[in-house]
Amino acid sequence: MRAVRCHRFAALDKGTGKPISSPSPIRDVLRLEEVPPPTLSKNKVLVSTQYAGVQYPDYLQAMGLYQIKPELPYTPGMDAAGIVIDKGSAVSDDQIQIGDRVYCNTALCPDGKGGTGALAELVCVSSNAVFPVPNDLHLSSVANIGRNYCAAYHSLKVIGNVGPGDLVLVDGASGGVGMATVELAKAMGATVIAGVSHIDKGTLPSMAGADKVLVYGRDRTSYKKFKSEVKATAAEMGHSQGVDLIVDVVNGDLFQELVSCIRPLGKICLVGFVAGQKPIKPGLLLIKEAMVVGSLWGRWARENPVSFRNNMDEMLNWMVDGKIEPRADTIFPLEDYSKAFQLFEDNRGKGNTVIEMNASSTQSKL
């Protein structure tokens, strides 16, 4: 079978494992190769991958800058959608049947690999990591649920307990997690302020349902202006003390200004750090009485499988009902896999980026 393989980390020295000043282009560390098919065991399911998701964390992991570094070489990718072609003896027909259209998430497998292996023509995963996809949904539209929607849902519902009347601020709102946060927060009945780095990126969060889109820019001056605009907008929306929840995927120097936007005892969910990491001033958190929570959904999902499956069912049903628009924003054929990673290398990633594994042979199965 064919699979994308990462043979070295683009931003790390091969000998020392330390960051280097001039990282290699991402295309130089990835290859499309023939590899042996995975081995099926009794508790696993074998899926013929039709679509696989690629998002910023996948790029970051190939650079060697993600919190989890797989053993090299490895196959990137957390999210896959496809057709079940075989299953182990311990997987009952009540769970999964051969021929089912499914979404699978490699982060739920208890192998410690941190969500890898999806960018392959065949994916073998634990049965608890497989979820039936309703016939109303195209498989391409669910190929980024893990990287995008699960991260957003965990921040909004599990950590933030968001509901009707709450005010949510999300930065990086034109990206995959950002847009998913906008959509899910609206489905939960919240009001949403979306932050983007440039006005040209404002269209996507608006289309996703954001009530207000503001530009935070890329320097301290624009960050401070953004803070003032958020506080004024929150007051206009009836939240004079600030927003109830912030979902932060940017971090960097912007974080300091975000703290000023939260209401007393409100929460800030740290999901990512696309602008790098900066020291957090605890005095600001003290004055604002703000709670800052790291948001990683994988561990919680593995420890709470029934609740997580209920969350997945809710998100898929929202897609069917139209509360969330099922979509793939950018689709590349497998042969052009490197272009998907280059989107994030060039800071051009928007929404859901998807790899189509084999267009000619899969159309009839969708």
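Within the listed set GLY238, GLY202, GLY77, the Gaussian network model of the chain (springs between alpha-carbon atoms below 10 Å) gives the highest mean-square fluctuation for GLY238. Less than 19 Å apart at the alpha-carbon level, and either on another chain or at least 8 residues along: which lysines does that give for LYS42? Of all the lysines, those that pass the test against LYS42 - Cα under 19 Å, at least 8 places apart if same chain - are LYS87. Solvent-accessible surface of the stretch 122-165, taken per residue with a 1.4 Å probe and all protein chains present: 27 Å².
With contacts taken as Cα pairs under 8 Å and at least 6 residues apart, the chain reaches a relative contact order of 17 percent. Computed from Cα atoms alone, the Kirkwood hydrodynamic radius reported for the stretch 1-150 is 15.8 Å. Applying 0.36 nm per residue to the separation of ASP321 and ILE287 and subtracting their alpha-carbon distance, the gain on full extension is 8.0 nm. Lys and Arg at +1, Asp and Glu at -1: add these up for the other residues within a Cβ distance under 11 Å of MET1 and post the number. Within the 11 Å Cβ shell, the charges total -2.
Arranged from highest to lowest average of other beta-carbon atoms within 10 Å per residue, in what order do the peptides 207-220, 138-151, 96-109, 224-237 appear?
Going by the mean number of other Cβ atoms within 10 Å, highest first, we get 138-151, 96-109, 207-220, 224-237.
Could you please state how large a percent of the accessible area of the stretch 190-240 is carbon and sulfur, counting protein chains only and using a 1.4 Å probe? Summing carbon and sulfur atoms, their accessible area is 50 percent of the total for the stretch 190-240.
For LEU265, the shell of other residues with beta-carbons less than 12 Å away shows a net charge of +1, using +1 for Lys and Arg and -1 for Asp and Glu.
A P(r) calculated from all alpha carbon pairs of the stretch 185-276, with 5 Å bins opening at zero, reads 3, 14, 24, 29, 22, 7, 1 percent.
Enumerate the amide H contacts of ASP86 below 5 Å, restricted to partners 5 or more residues apart or on another chain; note that Pro and chain-start residues carry no placed amide H. Hits under the 5 Å cutoff: LEU46. Subtracting the Cα-Cα distance of SER206 and ALA232 from their residue separation scaled by 0.36 nm leaves 7.5 nm. Partners of LYS18 within straight-line reach, counting aspartates and glutamates whose Cα lies under 16 Å from its Cα and excluding those fewer than 8 residues away in the same chain: GLU71. Global dimensions of the stretch 7-68 from alpha-carbon coordinates: Rg and Dmax equal 15.2, 46 Å.
Here Kirkwood radius over Cα pairs in Å was calculated from the structure, and among (i) 20.9; (ii) 21.4; (iii) 23.5 it sits at label (i).
Dipole magnitude of the stretch 1-160 about its Cα centre, charges +1 at Lys/Arg Cβ and -1 at Asp/Glu Cβ only, in debye to the nearest 20?
Roughly 460 debye for the stretch 1-160.
When ranked by the protection proxy of mean other Cβ atoms within 10 Å per residue, highest first, what sequence do the peptides 57-65, 116-124, 344-352 form?
The most tightly packed comes first, giving 116-124, 57-65, 344-352.
When the solvent-accessible area of the stretch 1-110 is split by element, carbon and sulfur atoms take up 49 percent of it, the probe being 1.4 Å. For the stretch 87-243, what relative contact order do you get, as a whole percent, if you take Cα pairs closer than 8 Å and at least 6 residues apart? With pairs under 8 Å counted, the relative contact order is 14 percent. Put simply, the stretch 125-251 fits an ellipsoid with semi-axes of 28, 16, 13 Å; these come from the alpha carbon gyration tensor as the roots of five times its eigenvalues, largest first.
Contact order, relative form, for the stretch 182-316: 15 percent (alpha carbon pairs under 8 Å, 6 or more residues apart, mean separation divided by residue count).
Legend: translational diffusion of the stretch 199-335 by Stokes-Einstein, Rh = Kirkwood radius over C-alpha pairs, 20 °C, 1.002 mPa s; D = 124 µm²/s. Charged side chains reduced to their Cβ positions (Lys and Arg at +1, Asp and Glu at -1) give the stretch 5-80 a dipole of some 160 debye around its Cα centre.
Near GLY160: Cβ cut-off under 9 Å, other residues only, Lys/Arg at +1 and Asp/Glu at -1. The net charge is 0. Once backbone amide H atoms are built at 1.01 Å from N, PHE332 has VAL354, ILE355, GLU356 as its partners under 5 Å, excluding neighbours fewer than 5 places away on the same chain.
The magnitude of the dipole of the chain, with charges of +1 and -1 set on the Cβ of Lys/Arg and Asp/Glu and taken from the Cα centre, is near 900 debye.
The values are calculated or read from the model by the stated rules, or taken from the named source; none is laboratory data. Remember, it's a predicted structure, so these values are computed and weren't measured experimentally. In this analysis, Cβ positions are derived from the backbone assuming ideal geometry, glycine residues included, and neighbour counts consider all displayed protein chains. In case anyone asks, the SASA skips ligands and DNA or RNA and just uses the protein heavy atoms, side chains included. Shrake-Rupley method; radii C 1.70, N 1.55, O 1.52, S 1.80 Å.
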